[in-house]
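The values are calculated or read from the model by the stated rules, or taken from the named source; none is laboratory data. Computed from a predicted model, the values in this text were never measured in an experiment. A quick note on method: Cβ atoms are made from the backbone with ideal geometry, for glycine too, and the neighbour counts reach across all protein chains shown. Protein only, heavy atoms only, side chains kept; ligands, DNA and RNA dropped before computing areas. Shrake-Rupley method; radii C 1.70, N 1.55, O 1.52, S 1.80 Å.
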Amino acid sequence: MLMGPMTMTAVNLLEPSEFTRIFGNVVELAPSIASVLARRRPLRDVQHLINELYSIMDGLSDSDKVDILRRHPDLAGTLAEKGLLTAESTAEQKSAGLDQLTEQQKYDLQRLNKSYRDKFGFPFVICARENKAVAILEGLTRRMINTPQRELATGLGEVKKIARLRVLDLVLA
């Protein structure tokens, strides 16, 4: 069992399968990204690791980028209510206060999540650790006017923020 952040030396020495297991949820439910990242070792430092991760995501086709976004749960959605989120998503949503929404806020968020998903074909993704509930609701409303292509880019940018923070939880900077 992992006992805190690893050094880059330790990261570079991991067996590929162990690397993929440890980093498999850096991008939500996308161990294939971690598997590609494992093949890009050795990595000089944590910033090099993050840059390689971003490069992998940038190199995806638009349909694969949409797939990455679709792996993210709705914020304060059914999975959260049922306790079925990944450990990372649970902690991130809690840090934003999404576990303490009023009934009206829950209703508004669920309604906006549905409208967003209907419009774009993937869930609204925002780095919850960098936002609080009110800002998330405002961001969801504001981003509804984006074009699908712009929202795909914006959503992927948010996935990168989430992934960066998850990497920093795993690796000493």
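Rounded to two decimals, the Cα radius of gyration of segment 114-173 over 2.2 N^0.38 Å is 1.22. Using only the alpha-carbon atoms, how far is helix 46-58 inclined from the longest principal axis of the chain? Give it as 0 to 90 degrees, nearest 10. Approximately 60 degrees, to the nearest 10.
Legend: Rg and Dmax of segment 1-74, from Cα coordinates, 12.6, 37 Å.
Of the solvent-accessible surface of the chain, computed with a 1.4 Å probe and all protein chains present, 55% belongs to carbon and sulfur. P(r) for the chain, from all Cα pairs and a bin width of 10 Å, is 10, 38, 33, 16, 3 %, short bins first.
How big is the convex hull of the Cα atoms of segment 80-157, per residue, in Å³?
Looking at segment 80-157, the number lands at 93 Å³ per residue.
Here each label is just a point 7 Å from Cα along the line to Cβ, and for ALA153 and ALA173 those points are 2.7 nm apart. For the pair THR141 and SER95, the difference between a 0.36 nm per residue extended length and the Cα-Cα distance amounts to 14.5 nm.
Once fully extended, how much extra length lies between ALA87 and ASP67, figured as 0.36 nm per residue of separation less the alpha-carbon to alpha-carbon distance?
Additional length available on full extension: 5.2 nm.
Summarising the label geometry, the points placed 7 Å from Cα in the beta-carbon direction at LEU13 and SER55 lie 2.5 nm from one another. Summary of the geometry: segment 42-84 and segment 120-168, compared by the centres of their Cα atoms, lie 11 Å apart. Note that segment 60-69 has calculated 3J(HN,Hα) couplings of 6, 5, 4, 5, 5, 5, 4, 4, 4, 5 Hz, one per residue in order, obtained from phi through the Karplus relation 6.51 cos²θ - 1.76 cosθ + 1.60 (θ = phi - 60°); glycine and proline are x. Give the residue list of trypsin sites (Lys or Arg not before Pro) in segment 1-85 that are DSSP loop and have at most 15 other beta-carbon atoms within 10 angstrom. Taking segment 1-85 and a limit of 15 other Cβ atoms within 10 Å, the loop trypsin sites (Lys or Arg not before Pro) found are ARG39, ARG40, ARG44, LYS82. Residues whose amide H falls under 5 Å from that of MET6, counting only those 5 or more places apart or on a different chain, are VAL171, LEU172, with hydrogens built in the peptide plane.
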